[in-house]
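Notes follow the structure.
Every number here is computed from the coordinates shown, using simple stated rules; none is lab data. Nothing here was measured: the structure is a model prediction, and the numbers come from that model. Cβ coordinates were reconstructed from backbone atoms using ideal geometry, including for glycine residues, and neighbour counts include every protein chain displayed.
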């Protein structure tokens, strides 16, 4: 394991190639965001949320396929506690009662012998998105500021210590 005892890596040799790779990935990711855009979820766009309780267990994959046809868009489906309770989140067009009626009719066709009841209906507003965006921007700015301050102190202290206190510099 002499590799760990006396490491010798020539990072400078690959510097230009890594600049090119890094630049390519950076420009590619910017172009991807600009051309394809971001795929915002219901929390950012707003939508409707329903919790349904079936008498017997149901298959979430089967329900997702059926509701995608009915709602013209794939909804978010999750088990909600047990295998007979599901959470449906969608941004389908229409009133909350109209969308609920579409979903209930799809359930009655898919599971005619499995009665379903609605536990909860909610409108999900995009207000959460604005709070999340502001918090994300603030955290990024804070992280950049802390990194900048660290580099500033580290470079200043690194050049200042050998002149004034050489014994401290050897500790770093």
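Express in whole angstrom the spacing between the alpha-carbon centres of the range 10-41 and the range 91-127.
Using only Cα atoms, the two centres lie 43 Å from each other.
Simple spin-label model, 7 Å along Cα-to-Cβ: residue 24 to residue 109 in nm?
4.9 nm
If we sort 69-80, 18-29 on the protection proxy, mean other Cβ atoms within 10 Å, highest first, what's the order?
Per-residue mean Cβ counts within 10 Å order the peptides as 69-80, 18-29.
Working from Cα positions, state the angle (0 to 90°, nearest 10) between the long axis of helix 96-110 and the longest principal axis of the chain.
Taking Cα atoms only, the helix is inclined about 70 degrees.
Using the Kirkwood radius built from alpha carbon pairs, what does the Stokes-Einstein equation give as D for the chain at 4 °C and 1.567 mPa s, in µm² per second?
Numbers: Rh = 21.9 Å.
D = 59 µm²/s.
Could you work out how far apart the two model spin labels at residue 61 and residue 36 are, taking each label as a point 7 Å from the Cα in the direction of the beta carbon, and quote it in nm?
Computed distance between label sites residue 61 and residue 36 equals 2.4 nm.
Using only Cα atoms and rounding to the nearest 10 degrees, what angle (0 to 90) does helix 15-36 make with the longest principal axis of the chain?
30 degrees
Once the Cα atoms of helix 60-71 and of the chain are each reduced to a long axis, what angle between those two axes, in degrees from 0 to 90 to the nearest 10, is obtained?
70 degrees
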